[in-house]
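The values are calculated or read from the model by the stated rules, or taken from the named source; none is laboratory data. Remember, it's a predicted structure, so these values are computed and weren't measured experimentally. No Cβ is skipped: glycine too gets one built from the backbone with ideal geometry, and neighbour counts run over all protein chains shown. To get the accessible areas, we keep the full protein, side chains included, count just its heavy atoms, and leave off ligands, DNA and RNA. Shrake-Rupley method; radii C 1.70, N 1.55, O 1.52, S 1.80 Å.
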Amino acid sequence: MMMGIAVFRLLLASIVVTSLSAQAADNSLRREMLAAHNAVRAKVGVPALTWSNKLSGVAQQWADELIARNQFAHHPNPQYGENLFEISGASATPSRVVDAWASEASNYDYHQNTCRGRCGHYTQIVWRDTKSVGCAVARGHTREVWACEYEPHGNIAGEKPY
């Protein structure tokens, strides 16, 4: 009986440590993603974003689905603004993900409010009316999908982001 109790305690301790590790990773992702987004926003003088657990949950569900289906696409009926990032054969960090999106700033002409190539990820990050963000990552065997959801969404045709 003592052996059974010892095994149970060890198993319970393992579950608690795993849960705490996952929680620490979630907190780290939240902190790093929010800091990276807000650093980009500060460069153009728009207010900092706040973190949304609701949006993070939406992002996690979508990233998980994309991994499970082996796809990479935006929500077919989006309720929020959305940025996606995919990497294969390696892992990314929150700063690498946001930096990739923010690098599109060089494609954006503020005065003409036009893009040369792709710039929608960048303009969503700096959209002045966006107040909150939630992000997540899903990992497959050799692939990661990162998703961020934004509320309210940006990239409204004809409007400047800031």
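Whenever a residue of segment 47-74 is within 22 Å of Gly140 (Cβ to Cβ), its partners that are of a type in the set (Ser, Thr, Tyr) and modelled with pLDDT of 95 or more, lying with C-beta atoms within less than 8 angstrom and at least six residues away or across chains, give the pairs Val58/Tyr80.
Just one of the listed residues (Ala105, Ala136) is among the aliphatic types (A, V, I, L, M), under 19 Å from His75 (Cβ atoms) and either more than 15 Å from the chain's Cα centre (by Cα) or surrounded by 13 or more Cβ atoms within 10 Å (Cβ to Cβ) (or both), and it is Ala136. Within segment 124-133, the set of residues being open to solvent by 10 Å² or more (accessible area, probe 1.4 Å) and either free of Cβ contacts under 8 Å to residues at least 40 places away in the same chain or of a type in the set (A, V, I, L, M) (or both) comprises just one member, Asp129.
Return yes when His121 is surrounded by fewer than 19 Cβ atoms within 10 Å (Cβ to Cβ) and at pLDDT 95 or above and no when it is not. Answer is no for this residue.
Residues in segment 93-141 that are basic (Lys, Arg), farther than 16 Å from Ala157 by Cα and not in a helix (DSSP H, G or I): Lys131, Arg139. Any chance you could count how many residues in segment 22-52 are over 13 Å from the mean Cα position of the chain (by Cα), open to solvent by 70 Å² or more (accessible area, probe 1.4 Å) and modelled with pLDDT under 95? Residues in segment 22-52 being over 13 Å from the mean Cα position of the chain (by Cα), open to solvent by 70 Å² or more (accessible area, probe 1.4 Å) and modelled with pLDDT under 95: 1 in total. Looking at this structure, is Glu149 part of a strand (DSSP E or B) and either open to solvent by 50 Å² or more (accessible area, probe 1.4 Å) or out of contact with any helix residue (DSSP H, G or I) (no Cβ under 6 Å at 6 or more places or on another chain) (or both)? So Glu149 does not fit the description; no.
With respect to being farther than 18 Å from Trp127 by Cβ and in a loop (DSSP other than H, G, I, E, B), Ala63 falls outside the description. For segment 53-87, a residue qualifies if it is open to solvent by less than 60 Å² (accessible area, probe 1.4 Å) and either more than 18 Å from Gly134 (Cβ to Cβ) or among the acidic types (Asp, Glu) (or both), and the qualifying residues are Ala73, Glu82, Ile87.
For the condition loosely packed, with under 15 Cβ neighbours inside 10 Å, part of a loop (DSSP other than H, G, I, E, B) and more than 13 Å from the chain's Cα centre (by Cα), Ala90 qualifies.
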